[in-house]
Amino acid sequence: MKLELDDEHQRFRQQVRRFVDDSLPPAIRRRIALGYPARREDTATWHGIVAARGWAGVGWPVEHGGTGWSPLRRMIFLEECMLAHAPDLQGFNLYMIGPVLMAYGSEEQQKRLLPRILNLDDWWCQGFSEPNAGSDLASLRTAAVRDGDHYVVNGSKLWTSLAQHADFMFTLVRTGGPERKPQDGITFLMVDMKAPGISIRPVITIDGSHHVNEVFLDDVRVPVSMRVGEENRGWTYAKYLLSNERMAVAKVGRLRDRLDFARELARSLSYGGRPLMEDAGLRRRIAQLEMEIRALELTQHRVVAAQAGAAAGAPDPASSILKIRASELLQAVLELAVEIGGPEALPAWPSHPADEDLASDAIRYLAEPYLFARSATIYGGSSEIQKNIIAKNVLGLK
Ligand SMILES: Cc1cc2nc3c(=O)[nH]c(=O)nc-3n(C[C@H](O)[C@H](O)[C@H](O)COP(=O)(O)OP(=O)(O)OC[C@H]3O[C@@H](n4cnc5c(N)ncnc54)[C@H](O)[C@@H]3O)c2cc1C
């Protein structure tokens with residue numbers, strides 16, 4: 001396998017770099033560079049800029065308004081965006097509901113919804129997990145009962161990221177009775193978040209931010225036209241979606257960026273009159289993380305190369321390996337940054353300050369990303385669950 005980019009891809013990288021340099025608003029760049037989470041408006045602004053350039057459909061085929069890029073081009077594009085401190089594009093739209101509709105949605109749904117999903121005219125969120133259904137998602141209880149042209153949905157969802165911003169939620173509901181296997185009685189619905197009967201309660205996480213929510217559905221009427229695919233076949237569509245999610249969670253460029261940030265911090269700080277970077281133990285840790293990130297990059301190259309040869313859109317179970325390593329390394333890098341910051345890295349809430357209030361000294365915003373990243377080995381499927389997938393689907397263990 002060739003790991004160096006050929007001339008064509010080097011040129012592509014330069015083209016993307018110029019585009020991001022020219023078009024990413026400096027205030028947004030600064031916020032992300034300092035490690036703050038993107039606000040809704042930051043994501044919307046950047047997504048709009050990329051969509052106007054015709055590049056929002058990073059992994060989408062041309063017939064649906066996408067770029068038609070190869071997996072390698074996709075990887076280069078996303079890496080350049082992350083290294084330049086751009087916010088992520090809206091992943092629930094682009095990597096989850098969009099591809100599911102392309103694969104399993106009706107022609108009418110594709111025509112009506114995909115352009116709005118691509119351009120972020122509608123903001124989507126993911127309502128899969130429930131209070132008693134996380135890793136064991138098939139035990140979900142939110143139920144839908146058919147009533148003419150509608151389903152009537154009752155139940156609740158938990159950990160729904162950014163539901164407070166969402167226009168729509170894609171969700172899994174139980175439609176089959178106890179005579180069926182749990183996986184065989186699940187239906188995939190798309191719910192209008194403004195429908196009567198929906199209420200949202202924030203869940204504030206350990207970093208003080210409002211990222212996740214509880215979503216309650218109380219006699220919510222969902223038109224049958226908002227069902228994806230067939231009734232009781234939702235598990236198949238959900239598995240496809242979750243595999244794409246794992247790929248999207250593994251953000252190698254962001255890792256490299258955060259390690260550079262930690263290194264710069266170590267260069268700028270002193271202890272006892274000596275620059276922290278003179279500490280051999282610290283230098284060794286940075287070098288170790290550098291090597292591990294490089295190893296992850298190579299794994300990503302291998303997954304991408306394998307994808308290029310696979311059937312279009314086929315999810316790769318090796319994405320679980322990327323997910324585990326990327327989330328563990330993110331935690332390690334952010335922990336290192338907090339240690340470098342020392343006592344000055346204490347939390348500096350609020351997590352969404354106005355542009356003029358952004359900490360001038362990045363040290364003040366180290367603890368929150370570190371704390372939030374504790375969840376990286378849980379969301380998108382916990383590390384233990386990824387290991388189960390690897391054992392079964394990569395190593396072939398039964
Ligand atoms: C910040 C954040 C954002 C999230 N965003 C969303 C979202 O937008 N939409 C959404 O639907 N969900 C979301 N989630 C939910 C996430 O997918 C679940 O938290 C995750 O799947 C784990 O489920 P759980 O929390 O119920 O834990 P549990 O499933 O109860 O697991 C508890 C522990 O047991 C372990 N465990 C469970 N089963 C096994 C097994 N079979 N073998 C070995 N170990 C096992 C787990 O690894 C974990 O350590 C989010 C979660 C977080 C923390």
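Looking at the stretch 221-246, which of its residues are among the polar types (S, T, N, Q) and assigned to a helix (DSSP H, G or I)? So that I can check it myself, show each step before the final result.
Taking the stretch 221-246 first, the residues among the polar types (S, T, N, Q) are 225, 232, 236, 243-244.
Within the stretch 221-246, S225, T236, S243, N244 meet the criteria.
Determine whether the stretch 27-38 contains at least one residue that is over 30 Å from V228 (Cα atoms) and more than 22 Å from the chain's Cα centre (by Cα).
Yes, there is a match, as at least one residue in the stretch 27-38 is over 30 Å from V228 (Cα atoms) and more than 22 Å from the chain's Cα centre (by Cα).
Go through the stretch 120-163 and give me each residue that's over 23 Å from N244 (Cα atoms), surrounded by 17 or more Cβ atoms within 10 Å (Cβ to Cβ) and within 12 Å of the ligand (Cβ to nearest atom).
Those that are over 23 Å from N244 (Cα atoms), surrounded by 17 or more Cβ atoms within 10 Å (Cβ to Cβ) and within 12 Å of the ligand (Cβ to nearest atom): T142, S156.
Which condition does F170 not pass, out of (1) within 12 Å of the ligand (Cβ to nearest atom); (2) surrounded by fewer than 17 Cβ atoms within 10 Å (Cβ to Cβ), if it passes all the others?
Checking F170 against (1) within 12 Å of the ligand (Cβ to nearest atom); (2) surrounded by fewer than 17 Cβ atoms within 10 Å (Cβ to Cβ), the one that fails is (2).
Residues that are within 23 Å of Q183 (Cα to Cα) and either buried (at least 19 other Cβ atoms within 10 Å of the Cβ) or of a type outside the set (D, E) (or both): does the stretch 84-92 have at least one?
Scanning the stretch 84-92, I find at least one residue that is within 23 Å of Q183 (Cα to Cα) and either buried (at least 19 other Cβ atoms within 10 Å of the Cβ) or of a type outside the set (D, E) (or both), so the answer is yes.
Every residue, every condition in (1) assigned to a strand (DSSP E or B); (2) surrounded by fewer than 16 Cβ atoms within 10 Å (Cβ to Cβ); (3) in the same structural domain as S129 (by TED's automatic domain parsing), yes or no:
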{"position": "F188", "(1), (2), (3)": "yes, no, yes"}
{"position": "P196", "(1), (2), (3)": "no, yes, yes"}
{"position": "R201", "(1), (2), (3)": "yes, yes, yes"}
{"position": "D219", "(1), (2), (3)": "yes, yes, yes"}
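Considering only residues of the stretch 355-394 that are more than 8 Å from the ligand (Cβ to nearest atom) and either closer than 18 Å to K239 by Cβ or not assigned by TED's automatic domain parsing to the domain that holds A332 (or both), which is nearest to the chain's Cα centre (by Cα)?
Applying the filter and picking the extreme gives Q386.
The values are calculated or read from the model by the stated rules, or taken from the named source; none is laboratory data. This one's a predicted model, so the numbers in the text were calculated from it and none came from an experiment. For neighbour counting, all protein chains shown are included, and Cβ atoms are generated from backbone atoms with ideal geometry for every residue, glycine included.
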